[in-house]
Every structure is written in structure tokens, then in C-alpha cells.
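Here's the structure we're looking at; comments come further down.
The values are calculated or read from the model by the stated rules, or taken from the named source; none is laboratory data. Everything numeric in this text was worked out from a predicted model, so none of it was measured. For neighbour counting, all protein chains shown are included, and Cβ atoms are generated from backbone atoms with ideal geometry for every residue, glycine included.
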Amino acid sequence: MSATARRVPVGRIVGVFGVQGEVKLESWTEPRERIFEYRPWQLETAPGTIREVDGVNGRKQGKGLVARLPDVDDRDAAAALVGSDIAVAREQLPEPARGEFYWADLEGLQVVTMDGADLGRVSHLVATGANDVLVVRDGSRERMLPFVMERYIKDVDMKAGRIVIDWDPDF
């Protein structure tokens with residue numbers, strides 16, 4: 001993956017498993033085991049430090065997931081990776097179904113009201129259980145807007161880089 005390719009987080013290394021270098025994973029893919037289908041992984045072992053890893057082998061273990069990474073042969077080497085985020089190139093992910101979006105694709109889009117008022121850009125999203133929430137920043141203000149299609153979100157135009165929302169700009 002080139003340095004300019006867009007990376008999408010798909011999981012995190014959360015612990016060690018055994019003494020032979022295996023790690024426990026938290027997967028954000030659906031289903032969870034799909035994380036093993038994406039190769040190579042980009043591990044962010046420290047802020048801004050990316051390590052490409054290919055040849056990961058993984059499996060379900062009890063209620064969790066366990067993986068063996070190449071060149072990680074003991075518990076100490078595995079422990080050094082705990083907390084690392086796992087990302088893949090956006091191009092590796094299947095295209096979302098119509099009306100569905102990857103959060104990574106929404107981040108950075110401009111958000112405007114139906115009347116054209118500029119609310120800022122999507123910084124990130126938050127899952128609340130009831131619905132996802134767009135965190136939109138305009139430099140001086142941060143808004144949390146419900147990502148509910150049709151009710152509030154009227155249009156997502158990926159080509160134009162814009163989301164149109166039915167929202168009072170003063171709120």
C-alpha cells in the first residue's frame with residue numbers, strides 16, 4: 001500500500017495469547033472473522049509508525065479471536081504489539097450496499113443544511129446504539145448530528161464531497 005493510500009481501521013491488538021507469540025484481537029469487521037481475509041494489515045504500533053504485516057493466520061478462540069503474525073515468535077514480541085491498531089487499504093473493502101457507507105468515506109465530507117448553510121466537515125463518527133452520530137467541526141464549533149437517513153440526512157454525495165442535512169444551523 002502506498003503512503004498516500006487511504007487506511008481504514010478494522011481492529012486492534014488487545015492482548016497476548018499463550019507463550020508462542022499469538023495475540024488477541026478486537027475486530028470491527030462484520031462478521032468479526034472477516035478481519036483475517038484482508039491482507040496486508042497495516043499495524044500502527046505507535047502514533048505515526050506503520051508496520052505492514054502480511055501472512056497473518058487467525059482463528060476464533062472461545063469468544064474471541066487469536067492471530068499469529070509472521071516474525072512474532074514469543075510472548076514478549078506479542079506484548080510489544082498490544083494496543084496496535086489494525087488497518088487495511090480502503091480499496092480492499094467491498095463496495096457498500098446502496099444507502100450504506102463506510103465511516104472512513106464520510107470523514108472529511110462537507111456538511112450543509114438544506115438551505116445551504118455550511119456546518120463544517122465530518123471529523124469522525126460515534127456509535128450510540130440508537131443511531132450513528134456525525135461529529136462535525138467548523139473550526140470554532142463542534143456539532144453532533146444524527147446520521148439518520150431520510151429523517152435528517154437528505155443526501156450523501158460522495159463525488160461532490162458533501163452531506164445535506166435537515167438541521168437548524170443555530171442548534
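On inspection, residue 79 does not qualify as farther than 30 Å from residue 51 by Cβ and among the aliphatic types (A, V, I, L, M). Residues of the stretch 139-157 that are surrounded by 13 or more Cβ atoms within 10 Å (Cβ to Cβ) and either out of contact with any Pro (no Cβ under 7 Å at 6 or more places or on another chain) or in contact (Cβ under 8 Å) with a residue 60 or more places away in the chain (or both): 143, 145, 146, 147, 148, 149, 153, 154, 156.
Mind checking whether some residue in the stretch 116-128 is more than 15 Å from the chain's Cα centre (by Cα) and in contact (Cβ under 8 Å) with a residue 40 or more places away in the chain? Yes, the stretch 116-128 contains a residue that is more than 15 Å from the chain's Cα centre (by Cα) and in contact (Cβ under 8 Å) with a residue 40 or more places away in the chain.
Considering only residues of the stretch 1-26 that are assigned to a loop (DSSP other than H, G, I, E, B) and among the β-branched types (Val, Ile, Thr), which is surrounded by the most Cβ atoms within 10 Å (Cβ to Cβ)? Restricting to residues being assigned to a loop (DSSP other than H, G, I, E, B) and among the β-branched types (Val, Ile, Thr), the top hit is 19. Remark: pairs (first residue in the stretch 67-83, within 24 Å of residue 33 (Cβ to Cβ) and assigned by TED's automatic domain parsing to the domain that holds residue 35; second residue surrounded by 12 or more Cβ atoms within 10 Å (Cβ to Cβ) and acidic (Asp, Glu); Cβ separation under 6 Å; 6+ apart in sequence or on different chains) = 68/22.
For first residues located in the stretch 25-45 and under 23 Å from residue 127 (Cβ atoms), partners that are outside any strand (DSSP E or B) and polar (S, T, N, Q) and lie 6+ apart or on another chain with Cβ distances below 8 Å form the pairs 35/29; 38/29; 38/92; 44/84. For the stretch 115-138, a tally of residues being surrounded by 14 or more Cβ atoms within 10 Å (Cβ to Cβ) and of a type in the set (Val, Ile, Thr) returns 4. None of 5, 46 is closer than 23 Å to residue 105 by Cβ, modelled with pLDDT under 95 and of a type in the set (Gly, Ala, Ser) except 5.
Please find, among 54, 71, the residue that is over 21 Å from residue 19 (Cβ atoms), out of contact with any Gly (no Cβ under 6 Å at 6 or more places or on another chain), loosely packed, with under 11 Cβ neighbours inside 10 Å and of a type in the set (D, E, K, R).
Working: 71 fails: over 21 Å from residue 19 (Cβ atoms).
Of the residues listed, the single one that is over 21 Å from residue 19 (Cβ atoms), out of contact with any Gly (no Cβ under 6 Å at 6 or more places or on another chain), loosely packed, with under 11 Cβ neighbours inside 10 Å and of a type in the set (D, E, K, R) is 54.
With the condition kept exactly as written, say whether any residue in the stretch 27-38 is assigned by TED's automatic domain parsing to the domain that holds residue 81 and part of a strand (DSSP E or B). Looking through the stretch 27-38, at least one residue is assigned by TED's automatic domain parsing to the domain that holds residue 81 and part of a strand (DSSP E or B). Looking at the stretch 1-52 only, could you name the residues that are small (Gly, Ala, Ser) and in contact with a Phe, Trp or Tyr (Cβ under 9 Å, 6 or more places away or on another chain)? Passing the criteria: 11, 27.
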